[in-house]
Amino acid sequence: MQTPAEILYRLSLGVVAAQWDDREGLAETSAWFESATAREMLRIDCYSRQSRSEEPVMGRVTDRKLKRAPLVALVLASMHRNGRLRERAVRLLCSSDSALSDRALAVRVADYAEAVRELAEQEVLRRTTLAQAERIMPLLQRISQRWRGSEVFARYLRALTAVHGEATVWACLRNSEGFEVRRAAFRHSFESGLLGLPDAVRLLPRERDQIVRRQLIGIVAESAAPDVIAELLLRGRSAESRVLGLVKLTAAQLDPVEVERLLVDRSVLVRLWARLRWREMGRDPVEVYAAVARSAAKPAVRARAYVGLAEAGTELDRSEIVGLARSADLPLKKVGLSLLRGKAIASEVPWLLREMTGEHSRVARLAGEVLSSSPQLWSPADLAVLKGSPETVLRRRGWGLHRGRGGWEAVIADLEFGEVRGRLALPMYFQPTDVQRQRIVDLLSTLSLDRHKVSEIAFAAGIPG
């Protein structure tokens, strides 16, 4: 999505190219219009008439003799602030059957000038080939959510149906590149009976759009036979489909092999429902998790089994958790660190700090969470290995860990790192210790802070003036 400044710049280049018959510049502007999505095209039209000075963004397009102008110059003129110029440009665009004129005319059905709006609408309603519909419908779909031109979408749809028939039109719209049109087309097709369960079964494995896939999953779950649900949903790519399959099928309808596989699924919700169904089968999920966790399976699968053990309420031995956290396999290391929260000991602090200096940000974050969960094991002085690093990312990790201690330590961390922005959250109901107060004094003497901010900190910390 381009920024307003980028849009205004591209428009100005297009206007200059139109004024000087710059074919290369006109070709670039034309390609820009053709590649823009419906949303982007409407944004371009909106910004084309904005200006912070008396000279409009679109410049002196009125100096152009429009009858001999190239197509892209007409499109630019159709976006001009001058209503008469827009009307003349729209009349000339009506004589063009190009793809770009289809899009430019569709944009103008939301014009605030009634004459321009009616002229564009009349022409759009005549452009009813399926190829034209693919270009026009995404724009009308978005315009239908506005006030001006909102009724044109329904009128155009009726015109298309009268020419091609409902089945053909909606089949075309289901293949639209505009995702909003495509989603609406699928929803209408199922609600009106144009598509049914066999179509949902056929389309679901290939569908990539999340919203359409959700529609297909719901239809399969509500109407399909248990074996079809098991085949399509329990083995589906999305966690939503696997959860819905477990919800819709009873324990008697489920294959134990499938449920056992889903016990170590990537999704938390899938694992939860799999455990529920597994227990309804009279089996213990903890036995499966323990067997998989200590097997020769892939590290990622073993890691999910360990997570499953924790989710099932099983308390793992601390030595086993530390072994996982020190593992060379990244998935096992991450799950070990997540299970070590609140269970670390003082001798493990140096190792955890070294983990925070590693290249894997996820491991570093988990090691920091272990240290944050046991602040009594370490002091801010232990963070020198992070704070003294030449790498900004490591210093930030040290700052975040120090700041997490809260109270006056958070203020000291901000002062050490120079992160004094806006209003500091100074502790209100207790004073710093003598050591903390002296550290604050030392830091304030070395930092170039606003006088009022220094006074605010000194007053709150009880530092004499």
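The values are calculated or read from the model by the stated rules, or taken from the named source; none is laboratory data. This one's a predicted model, so the numbers in the text were calculated from it and none came from an experiment. Neighbour counts run over all protein chains shown; Cβ positions are idealised from the backbone, glycine included. Ligands, DNA and RNA are stripped out before the accessible areas are found, and what is left, the full protein with its side chains, is counted by its heavy atoms. Shrake-Rupley method; radii C 1.70, N 1.55, O 1.52, S 1.80 Å.
Neighbours of Val228 by Cβ distance under 15 Å: Lys/Arg scored +1, Asp/Glu scored -1, total -2. Heavy-atom accessible surface of region 314-460, averaged per residue, reaches 54 Å², computed with a 1.4 Å probe. In this structure the amide hydrogen of Arg341, modeled in the peptide plane, comes within under 5 Å of no amide hydrogen from residues 5 or more places off or on another chain. For Glu24 and Thr129, FRET efficiency with R0 = 30 Å and r from the beta-carbon atoms, rounded to 0.05? Approximately 0.45, to the nearest 0.05.
When the helix-only estimate is applied to the chain (DSSP H runs of n ≥ 4, each -39,500 (n - 2.57), divided by the residue count), what is the mean residue ellipticity at 222 nm, nearest 500 deg cm²/dmol?
-19000 deg cm²/dmol
Region 141-201 and region 427-443 have Cα centres spaced 67 Å apart.
Taking only protein heavy atoms and a 1.4 Å probe, the accessible area of region 121-184 is 49% carbon and sulfur. Computed from backbone phi with θ = phi - 60° and the Karplus coefficients 6.51, -1.76 and 1.60, the 3J(HN,Hα) list for region 262-269 is 6, 4, 10, 5, 5, 8, 4, 5 Hz; x is used for glycine and proline. Of the GluC sites (Glu not before Pro) found in region 279-371, those that fall in a DSSP loop while having at most 12 other beta-carbon atoms within 10 Å are Glu315, Glu359.
Could you sort 104-110, 253-259, 443-449 so that the peptide with the highest average Cβ count within 10 Å comes first and the rest follow in order?
So the peptides 104-110, 253-259, 443-449, ranked by packing, come out 104-110, 253-259, 443-449.
Across the cross-link table entries Lys343/Lys387; Lys387/Lys453; Lys333/Lys387; Lys334/Lys387; Lys298/Lys343, which are compared at the Cα atoms, there are no separations over 30 Å. Among the trypsin sites (Lys or Arg not before Pro) found in region 228-260, those both in a DSSP coil and sparsely packed, with 13 or fewer other Cβ atoms within 10 Å of their Cβ, are Arg237. Here Ala99 and Ala225 are evaluated by their C-beta separation; at R0 = 60 Å the FRET efficiency comes out at 0.85. Relative to the longest principal axis of the Cα atoms of the chain, the long axis of helix 239-248 makes an angle of roughly 80 degrees. Here the Karplus relation 6.51 cos²θ - 1.76 cosθ + 1.60, evaluated at θ = phi - 60°, turns the backbone of region 427-435 into coupling constants of x, 9, 10, 8, 8, x, 5, 4, 5 Hz, with x for every Gly and Pro.
The per residue volume of the convex hull around the alpha-carbon atoms of the chain is 239 Å³.
Rounded to the nearest whole Hz, the Karplus-based 3J(HN,Hα) values (6.51 cos²θ - 1.76 cosθ + 1.60, θ = phi - 60°) of region 171-176 follow the sequence 5, 5, 5, 5, 9, 5, with x at glycine and proline. Let me know the shape class of region 190-259, please: from the alpha-carbon gyration tensor, a ≥ b ≥ c as square roots of the eigenvalues, rounded when a/c is under 1.5, otherwise prolate if a/b is greater than b/c, or oblate. Taking the square roots of the gyration eigenvalues as a ≥ b ≥ c, region 190-259 is prolate. Can you classify region 211-330 as rounded, prolate or oblate using the Cα gyration tensor, where a ≥ b ≥ c are the square roots of its eigenvalues, rounded means a/c under 1.5, and otherwise it's prolate if a/b beats b/c and oblate if not? Prolate, because a/c is 1.5 or more and a/b exceeds b/c. From most to least packed by mean Cβ count within 10 Å, the peptides 42-50, 68-76 give 68-76, 42-50.
Using a probe radius of 1.4 Å on heavy atoms only, what accessible surface per residue do you get for region 91-167? Whole Å² is fine.
45 Å²
Between helix 4-19 and the chain, what is the angle of the helix's C-alpha long axis to the longest principal axis, kept within 0 to 90° and rounded to the nearest 10? Between helix and principal axis, roughly 30 degrees. Summary value for the chain: 5 percent relative contact order, contacts being C-alpha pairs under 8 angstrom separated by 6+ residues. Amide H to amide H distances under 5 Å link Arg405 with no residue, where only residues 5 or more positions off or on other chains count and H is placed in the peptide plane. Here the convex hull built on the C-alpha positions of region 246-396 has a volume of 114 cubic angstrom per residue. Given a 1.4 angstrom probe, I'd like the percentage of the accessible area of region 220-355 that is carbon and sulfur, rounded to a whole number. Here carbon and sulfur together make up 55 percent of the probe-accessible area.
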